[in-house]
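Everything below concerns the one structure shown next.
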Amino acid sequence: MAMRGDDFIGAGYLGEHLWLLKGEAKSNAVLGKSTVTSARKVLDRDSGRCTPDSLLFVANRLLESTDAADNALGRDLRDEVGVKALSSDRIDHMLFTVSGNGPHASLRADLGAAGVDRDHYVVNLHIDDHQAFIAKVFKEVGDLGNN
């Protein structure tokens, strides 16, 4: 399901404090600077915060759980949507890329230029036969509905 701006979200606690990870994922046969620049713009959008729609989606799934800890985290995420009280140093960013070429120099440059108000992470998964891999993944996902 598309979460309107946040490709993935991590949520949890560091001690008693809510902590978030806002992630952007990109897949290109040839990863280049324009893709990395585009991803960083998405991460920085909304003052680096997760979109309310995305947080509410995650919160609602947690509130559906029978686990009390999941419910508590879901309530805290819903509160965050309402008051936006989480400081930027508790919202980390991650850029995850899958590409047919190795880590492009722009990934290192982007990480080095990222702001110091939060932690930043970068992962590049290099798959030599990227296009064949992507085709196989889409085929297998499509086949799930046929079982």
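No value in this document is a laboratory result; all are computed from the given coordinates. Please read all numbers here as calculations on a predicted model, not as lab measurements. Ideal geometry is used to build each Cβ from the backbone, glycine not excepted, and the neighbour counts take in all protein chains shown.
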### Summary
To the nearest 10 degrees, the tilt of helix 33-44 (Cα long axis) against the first principal axis of the alpha carbons of the chain is 0 degrees
### Radius 13 Å from Cβ of G32, net charge of other residues (Lys, Arg +1; Asp, Glu -1)
+1
### For the chain, the longest site-free run once GluC sites (Glu not before Pro) in DSSP loop states with at most 11 other Cβ atoms within 10 Å are removed
65-147
### Query
Taking the DSSP beta bridges in the range 8-144 as the whole, what percent of them are antiparallel, to the nearest 5?
30 percent
### Summary
The orientation-averaged projected area of the Cα convex hull of the chain, in nm², is 10.3 nm²
### Query
Where the centroid of each part is defined by its Cα atoms, how far is the range 88-111 from the range 1-52 in Å?
10 Å
### Summary
Answer in debye to the nearest 20: the dipole magnitude of the range 8-144 about its Cα centre, from +1 Lys/Arg and -1 Asp/Glu charges placed on Cβ, is 480 debye
### Query
If the cut-off is a Cα-Cα distance under 24 Å, which lysines reach K84, setting aside same-chain residues fewer than 8 apart in sequence?
K22, K41
### Message
Can you tell me the length gained on complete extension of the stretch R45 to R75, counting 0.36 nm per residue apart and subtracting the Cα distance?
### Response
8.4 nm
### Summary
Sorting G10, T37, S99 by the position of each Cα along the dipole of the chain (Lys, Arg +1; Asp, Glu -1; all at Cβ), the one nearest the positive end of that ordering is T37
### Net charge of Cβ neighbours under 15 Å - reference V116; Lys, Arg +1; Asp, Glu -1
-3
### Task
Sort K41, K33 so the one with the fewest other Cβ atoms within 10 Å of its own Cβ comes first.
K41, K33
### Message
How big is the range 9-49 along each principal axis, measuring the range of its Cα positions in Å and listing the largest first?
### Response
42, 21, 10
